[in-house]
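A quick write-up on the structure given underneath.
What follows is calculated from the coordinates using simple rules that are stated; it is not laboratory data. Keep in mind that what you see is a predicted model, and the values were worked out from it rather than measured. With ideal geometry, Cβ positions are generated from the backbone for all residues, glycine too; neighbour counts draw on all protein chains shown.
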Amino acid sequence: MTIDRRTLLVAAGATAALTAFPSPATAAPRRTPDAPGLRHWDADRSDNGWPIGPEGITEYAVEGSPATVRLHREASAVLLHVARRWHYEVLPLRGTVDVLGYSEERAVPAAYGSNRLSGTAIVLPGAGDGLWPHQTAVVRDILADCEGVVRWGADLAPAAPGHFQIDVRPGTRTLARLTTALREGPARGDAPRTGAPEDPAAPARRKQAGQLARAQRPAG
């Protein structure tokens, strides 16, 4: 793992990391005999309860980066917020290969992998096998921004530090409110700020992030 100037700047502003109930599957996927470690997802909804298929899928640019990603339009504002902050504060997105969204590949490594089939999850491969503590602190702060609507793959089994998914059903009020705030908030001043994030090391931010982490962390 390399540390660039952007990462060092984030480290200076962030401190120790705060370090999630798995969503119930809508159907039990069957294991694919010719693909060790993968399971075929047969259901018509992804693990988080969203409909699978190309309906509602649109390609979006990740602000400040050269990357684009395909997402469900109802999940796009929140997941783009995650990707944007990741780009600015964790690891830069240098192209579309650095952020993976909607997929039609039904062979998945775990149930949560099916969420890409509905365009309600992203994978940021740059995370590799894990993050530095200051990067983890930033991710926890991003999750706090999302008010429990997003779950991090590091809190799932098997752990996937680059995976982020919508963790509520379609039409949920919290998702609708957060989406509106992210799309209209910059003009009103009541949304998570884009391009000028709060300090993840601020006591109030750390407390909020810690409370959410404890609520989302798996039991045991």
Relative to the present Cα-Cα distance, how much length would full extension add between Thr68 and Ala204 at 0.36 nm per residue of separation?
45.7 nm
Hey, what do the phi angles of region 117-131 turn into as Karplus ³J(HN,Hα) couplings, whole Hz, using 6.51/-1.76/1.60 and θ = phi - 60°, x for Gly and Pro?
5, 9, x, 10, 8, 10, 10, 10, x, x, 5, x, 8, x, 10
For the pair Arg217 and Ala176, how long in nm is the line joining their label points, each one 7 Å along Cα→Cβ?
3.4 nm
Name the residues of region 105-144 whose amide N is less than 14 Å from a point 7 angstrom out from the Cα of His40 along the C-beta direction?
105-108
Taking placed amide H atoms and a strict 5 Å upper bound, the residues 5 or more places from Thr120 or on another chain that come that close are His72
Beta carbons within 10 angstrom, averaged per residue: use that to sort the peptides 160-173, 44-57, highest first.
160-173, 44-57
